[in-house]
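The values are calculated or read from the model by the stated rules, or taken from the named source; none is laboratory data. None of the values given here were measured: they were computed from a predicted structure. Positions of Cβ are generated from backbone atoms using ideal geometry, with glycine treated the same way; all protein chains shown enter the neighbour counts. These accessible areas exclude ligands, DNA and RNA; they are computed on the full protein's heavy atoms, side chains included. Shrake-Rupley method; radii C 1.70, N 1.55, O 1.52, S 1.80 Å.
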Amino acid sequence: MNCYTSPLVRNVNNILKRNRKILEDLLAPYDKKVLVIERQKLVERGFQFDYITEHYHPDKKEHYYYCYDYGYRPIDQEKVLAVKDTRKKHSSRERSRR
């Protein structure tokens, strides 16, 4: 199932998984769901900001970028807020009522 015939798809999936793993590794030692980190530290670990699975904006000021269940929100040019899934989950019952 993980064997894609297209090298492009395989490469993008690998980048997304690597981005997720980098965020997970940063948050796990602190047992936190949020952590302020320097953008450069993410880059040094191989994080690629151009690859995300979702763009989430709960309001007009905050924009989160996710790689599966881990993400980040830019704070300024030098720092980001790394997060473990802050999105609100809705059950299928709630979605059908909308």
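Residue order by solvent-accessible surface for 62, 44 is 44, 62, largest first, with ligands and nucleic acids left out and a 1.4 Å probe. I'd like the accessible area for residue 45: 1.4 Å probe, protein heavy atoms, all chains in place, Å² to the nearest 10. Only protein atoms counted, so the area is about 130 Å².
The chymotrypsin sites (Phe, Trp or Tyr not before Pro) of segment 1-66 meeting both criteria, a DSSP state outside H, G, I, E and B (loop) and at most 12 other C-beta atoms within 10 angstrom of the site's C-beta, are 4.
Accessible area per residue was computed with a 1.4 Å probe on protein heavy atoms; residue 22 scores about 10 Å². Counting heavy atoms of the protein chains alone, residue 17 has an accessible area of about 110 Å² for a 1.4 Å probe. Between residue 59 and residue 13, the FRET efficiency from the beta-carbon distance, with R0 = 30 Å, is close to 0.45.
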